[in-house]
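Here is the structure we will look at.
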Ligand code: FUC
């Protein structure tokens, strides 16, 4: 008996020692897909590290004395009808009646007068700030609050390390105090809808846990080792609840909102939260959030941290491991990431750092957008404020689309579905906006979009005016089909929405002076004023009509409608080349060659559209190049990222790469810079500045675009490989047609590519200027060696 006891005791001791020594071995190995630091984060935006489970975005700081776990839930939104009964999705009754007059003034060249009239009659209505309202009844996405966990140890902290391993989606903080060792492990578990925060120590400690929120407390309680906080937003009374279960070997007590755990070597919080929000127009209320939390907590009742972690690993790795990138180095990761970023900026070549940034985008996507969650907003799911920049909303004139660019091509198709659901949810209010402001059928959204169906033009003119949003969002619906070949999705979800977006353009376009169909009034996002015939509108209309025509063919439906759409599409004003060889941003040749504006919207046709390409339309591609050269290589975070994608489409890998390097530039500035402040913070979140996640996502997509393209019905291998990546391998990218592609290259040249298709058929594959056709058999590997192209 004694012997057995001793044996168990020794095993436990051995296990504890192993867990700590395993950790230090890993430190030595310096996992190349890890961000790590030798001090705690002091600042949320630039230093704290993001984790998440799709629903919740959490930032951890790693202060040894008191951990701060700041969290946000995607559907916690101020504003809407709850904030103001008069809120009406921004609609302005009969605004479309002003349209003929605005068009007439524009046709007469009276731009200022047209602007004035449209500004007063065609701007969406919001109701200004009231007490406790962050930004009018448009609202803003909200932080939920912070969990603070303090630990009783005193004394000097040694061997400190804070890290985020993106290959396992695990955050860690380790340090020593005297002889005692401390280790915290954090991760988000999507299948069980919980966050897990695990505090371990070799010494027995007292832990104290409190929740702090800027929102109103409705109730707070602690029962059966479970803390529950019910709250509501002050402006719109939106309700939410957050709760965690404690697993510990210590003694737990609760008093006045503070949970104390004494004599503990292990404290694990299993945390969840939800709100009463649903996609139910017009109320957006009714989610039984308390029941959801109860179900979540009940479902994890038998699951400890180990099971939850095993579940999380299976779920996460199933997505993350689909794509690997190796740029031919040993990927040393011996410097803390902030110092590594500076060394890289100063010129130390570090392809492993570039791989880390590429994969970070995929990590952030898996952590913040999963089926059933809200889509990512400007900051993904990470927001610490009640009044975040641009309301942390869903901007549709570049931002929300860029956030989702990597989804299909980097093999994370499922992560797109929240945007698909959200898009579906805004069709109804979007139809009202189309009718009221433009007098058309179909649906539209404009620049700013909230969680409460605000689809009207912005609240100011002209920046908020942007009828192109719905057409652009429809591109993603189509691309999801094209990448997955999921005909049911196309039929039941995508096509009906695309068709409605097309109807908008069929009705809105009018005959211009040249005889072509033009958009009027139109606006090139956040640049210049309104006019007749901004190029981006035409390109978006062309895109959505083209895709809808293709979709109707695939589905063998709506032949008459398709013919009508084709007739309209073919009459749209084509892109134009201006006096200095540039692709014109507007109908008139007025582009200023010295202008450095961050938006380059008139190149939509090059990327993400496919109307312009170096092979099919070389003259337009040349003009796009002239435009890009004139705009220059500076910009905000997302602007740089878009330029990476543009240059990749122009097949200039070196230029794309030099722009990508700019995105990795260290930035400390958190204040708004609309021109040239783009880069990345030391936590590698992209700086607009301030922080916006679109730059991260656009960069990840841009790298994929440099290595593989398929927008023209041909799989193009290594279309824009930069000289700086002479040797490498990428596995698991997706090409349109549901084809998974691996590529290996050496000395700047392809060695071989391996294709696996979800369906059998012929496929064109291109390398340089040579194209060949291969037969693909569903599920079977097809290895294409470079010799085949000779
Ligand atoms: C668009 C951009 C800004 C910013 C904002 C969130 O309006 O022009 O640069 O990214 O979205």
Ranked list, fewest to most other Cβ atoms within 10 Å of each Cβ, for 444, 170: 170, 444
Relative contact order [Cα under 8 Å, 6+ residues apart], the stretch 638-774, whole percent: 19 percent
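Please state the shape class of the stretch 375-517: rounded when a/c is under 1.5, otherwise prolate if a/b exceeds b/c and oblate if not, all from the C-alpha gyration tensor.
Values: a/c = 1.87, a/b = 1.12, b/c = 1.66.
Oblate shape, in that a/c is at least 1.5 and b/c is the bigger or equal ratio.
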Per-pair calculated FRET efficiency, R0 = 30 Å: residue 116 and residue 675 via Cβ, rounded to 0.05: 0.65
Separation in nanometres of the label points that stand 7 Å from Cα toward Cβ, at residue 262 and residue 107: 8.4 nm
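Cut-off is 10 Å between beta-carbons; in what order do 590, 355 appear when sorted fewest neighbours first? Spell out each step's value before the answer.
Numbers: 590 12, 355 22.
Exposure proxy ranking, most exposed first: 590, 355.
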Fewest-first sequence of 612, 292 by Cβ atoms within 10 Å of each Cβ: 292, 612
Point-to-point label distance, residue 348-residue 550, nm (Cα→Cβ direction, 7 Å offset): 4.5 nm
Separation of the residue 424 and residue 441 label points, Cα + 7 Å toward Cβ, nm: 2.3 nm
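Find the Cα radius of gyration of the stretch 72-129, compare it with 2.2 N^0.38 Å by division, and give the number to two decimals. Could the numbers behind the result be given before it?
Numbers: Rg = 16.0 Å, N = 58, 2.2 N^0.38 = 10.3 Å.
Scaled against compact globular proteins, the figure is 1.56.
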Three-way shape call for the stretch 77-176 based on the alpha-carbon gyration tensor, with the a/c threshold at 1.5: prolate
Value of relative contact order over the stretch 556-644, rounded to a whole percent, pairs C-alpha under 8 Å and six or more apart: 27 percent
Gained length - residue 760 relative to residue 773, 0.36 nm times residue gap less alpha-carbon distance: 3.4 nm
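Using a Förster distance of 51 angstrom, determine the FRET efficiency expected from the C-beta separation of residue 460 and residue 787, and round it to 0.05.
Numbers: r = 60 Å, r/R0 = 1.17.
After rounding to 0.05, the efficiency reads 0.30.
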Ellipticity estimate at 222 nm from DSSP helix runs (n ≥ 4, -39,500 (n - 2.57)) divided over the chain, nearest 500: -10000 deg cm²/dmol
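Just the number: Rg to Rh for the chain, Cα atoms, Kirkwood Rh, two decimals. Write out the running numbers ahead of the final one.
On the way: Rg = 26.9 Å, Rh = 27.4 Å.
We get a ratio of 0.98 for the chain.
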Taking the chain and dividing mean pair separation by its residue count, relative contact order in percent (alpha carbons under 8 Å, at least six apart): 12 percent
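Given the chain, what percent of its DSSP beta bridges are antiparallel, to the nearest 5?
On the way: 129 of 136 bridges.
About 95 percent, rounded to the nearest 5.
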Fully extended contour minus Cα-Cα distance, from residue 225 to residue 288, at 0.36 nm per residue: 20.4 nm
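May I ask you to compute the full-extension gain from residue 616 to residue 152, defined as 0.36 nm times their residue separation minus their alpha-carbon distance, rounded to one decimal in nm? Write down the numbers at each step before the final one.
Details: separation 464, 0.36 × 464 = 167.04 nm, distance 6.74 nm.
Length difference between fully extended and current span is 160.3 nm.
Once you have the alpha carbon radius of gyration of the stretch 225-355, what is it after dividing by 2.2 N^0.38 Å, with N set to its residue count? Mind dumping the intermediate values first?
Working: Rg = 21.9 Å, N = 131, 2.2 N^0.38 = 14.0 Å.
So the Cα radius of gyration is 1.56 times the expected 2.2 N^0.38 Å.
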Cα gyration tensor, the stretch 287-401 - rounded (a/c under 1.5), prolate or oblate: oblate
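The numbers here are math on the coordinates, done by the rules we state, and not lab data. Keep in mind that this is a model prediction, so the values were computed, not measured. Note that each Cβ is placed from the backbone with ideal geometry, even for glycine, and that neighbours are counted across all protein chains shown.
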